[in-house]
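Written below as structure tokens is the structure these notes are about.
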Amino acid sequence: MGRTTFLLLAVAYYVLTVIIVIVILNLINRREKNKLKHQIDELEKEKNLIISASMLSELNKVEALVNNDEMRIKLDDWKKRFSDIRDKEMPKITDTINEIEELFEDHNFKELKGLILKADFDLNNLRTKAAFLLDEIKDVTLSEERNRETITKLKAQYREIMATYKDYEDDYAIIKVPLELQFENVDKLFQTFEVAMENNAYTEVGKIVKAIADIIDNLKVVVEETRPIVNLGKNLIPKKIEDIKNIVDKMTREGYNLDYLNIDYNISEADKKIQDIFQRLNVLNIEDSLFELKTMHDYFDSLYNDFDKERISKKIYEDYSRSILIKATKLEKVNNELYKKIDDIKYSYDLTDDEVAVITEIKEEIMNIRASYDKIVDTARSHILSYSKLAREMEIINGKLVKTEEKLNGALKNLGSLKEDELRAREQLEEIKKILNQTKDKIRTFKLPTVPKNYYVELAEAMEAIDELIKALDKRPISIKILNLRVDTARDLVLKVYNTINETVKTARMAEAAIVYGNRYRVTNKEVDFSLVKAENMFMKGNFKSSLENAINAINIVEPGIYKRLLEEYR
């Protein structure tokens, strides 16, 4: 490619890039301009909607309704505020919008954007003022329609209340006078409402409607809650109180103490509260009355659970009374027998006072448990505590008794193990003697040419240990610790002798077998003959291990691997 062609392409790319940039900037500028134009149009549209025809229409309606000074004052105020919006506030916004349009034509978009934000803020404030003013005006112009609709709903509610009252008139006999008086007040207020509407006294109408609504709301609650209040206060709760009194009298005669429930006091307080509720009901004040009566009813209901709990507690108390007495008597008897033998036990097994102190501790614990038990039983007989508390006390005593029983069982087990240790030591003595006799028989049976010197030393030690074990068994008192030590020592030394002889005999047999086996090669191999002679000499001296090694090494000269075969044959 030539230099000229390259330059032409570069210029073309540059021009094309510039054109694209210009087009993009124009598009962005046009889009921004259209956006601003749309915002200006919206401001104009919003401005024109603030002063609507409906506001003038509503003001004209108020003009026709004015029939007193209060309404005249309100109308003058509304007109002044409307005039301020139309003649003062609106021109300012109009001037701002005109200025915005001029800036738009001059393409001064920087100042234009700030001015648009200001105009939008002012329009929002003015729109709020206008809407608030219109709502105030409509509150009067629409009051007849709105109040008529409200009164229609209130009359429907009132008819429902009256229907309920007529259907259950006997149930409302207790408040008939104040209730019917309220009905008369409602009827009068409905009449007053009609008069006020005819006279266009709209400022009074709202107050009348509110008064009617308040009375009807109160009547609705009174009519809804009076029947359950009367039913609870005059029927359900008094019957429940009477039933509870009968139960309390019966349980008291049966020996139950129910003082902790404070039933008499709570019944007295409930009677006072019921009287107060019905006094307030006479003036149609039922605030919290139903809640209070339901709370009372729930409380008296809960007493049945307390009664059942006392009955169950009595059974638990009685069960514990029997079981504790039986168990404590049994433990006391066992421990007393043990306590009588404590001196013999200490002497027989060389025990210290600390080691048998647990028997005294158990005796004291049982005495304390019996004292606590007797105290609770006396308390129960005097009926000064509830069975629920008595059952808890018995449960505590039973827990202590269980721990004492476990301690006594542990003591019996420990003392019993002393006797078992003595019997076991005697059995092991016989076993040790048997092993020692087997050891002597074994060494006599094989007829070793020479018995190893350590055999006699170990045998002497074993015999001495057996003598010490016999002395420990015959000694009174027996020291179990020393006895167990003597058993372990004698057993270990006898097993040591047994293992020594067992290993010696085993080695001697293998050495003898190896020499006999190697005799077949004496004539043919002098080296084998020499080694076997050496092995025989060592065998006769009692050095069986060296004898075995020399015999195997000799045979291995003519028959490699002989050691393994001899070992297998021996096994």
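Each reported figure results from applying straightforward, stated rules to the coordinates on display, with no laboratory input. These figures come from a predicted structure and were not determined experimentally. We place every Cβ from the backbone using ideal geometry, glycine too, and count neighbours over all the protein chains shown.
Fewest neighbouring Cβ atoms within 10 Å first, the residues 394, 463 line up as 463, 394. Under 20 Å from a label point set 7 Å out along the Cα-to-Cβ vector of residue 250, the amide N atoms of the range 306-322 belong to 306-316. Subtracting the Cα-Cα distance of residue 160 and residue 194 from their residue separation scaled by 0.36 nm leaves 10.1 nm.
For the set 440/564; 220/272; 309/407; 440/496, the pairs lying more than 22 angstrom apart at their alpha carbons are 440/564; 220/272; 309/407. In this rough spin-label picture, where each label sits 7 Å from Cα along the Cβ direction, the residue 441-residue 309 distance is 7.8 nm. FRET efficiency for the residue 146 to residue 174 pair, using the beta carbon distance and R₀ = 30 Å, is estimated at 0.20.
Karplus-derived 3J(HN,Hα) values for the range 396-406, using 6.51 cos²θ - 1.76 cosθ + 1.60 with θ = phi - 60°, are 5, 4, 4, x, 5, 5, 4, 5, 5, 4, 4 Hz; glycine and proline are entered as x.
First measure r as the distance between the Cβ atoms of residue 374 and residue 272, then evaluate 1/(1 + (r/R0)^6) with R0 = 41 Å and state the FRET efficiency to the nearest 0.05. Computed FRET efficiency for residue 374 and residue 272: 0.40.
If only the Cβ of Lys and Arg carry +1 and only the Cβ of Asp and Glu carry -1, the dipole of the range 181-318 around its Cα centre is close to 380 debye. Evaluating 6.51 cos²θ - 1.76 cosθ + 1.60 at θ = phi - 60° for every residue in the range 509-515, the Karplus couplings come out as 4, 5, 5, 4, 5, 5, 4 Hz, glycine and proline recorded as x.
Going highest first, how would you order 326-333, 552-559 by mean Cβ packing within 10 Å?
Per-residue mean Cβ counts within 10 Å order the peptides as 552-559, 326-333.
Counting neighbouring beta carbons within 10 Å and listing from fewest to most, the residues 377, 223, 457 come out as 457, 377, 223. Compared with the alpha-carbon gap, the fully stretched path from residue 427 to residue 264 is longer by 51.0 nm at 0.36 nm per residue. Net length available on complete extension from residue 301 to residue 235 is 22.3 nm, with 0.36 nm assigned per residue and the Cα-Cα distance removed. Across the cross-link table entries 330/389; 234/389; 333/413; 315/400, which are compared at the Cα atoms, the separations over 28 Å belong to 234/389.
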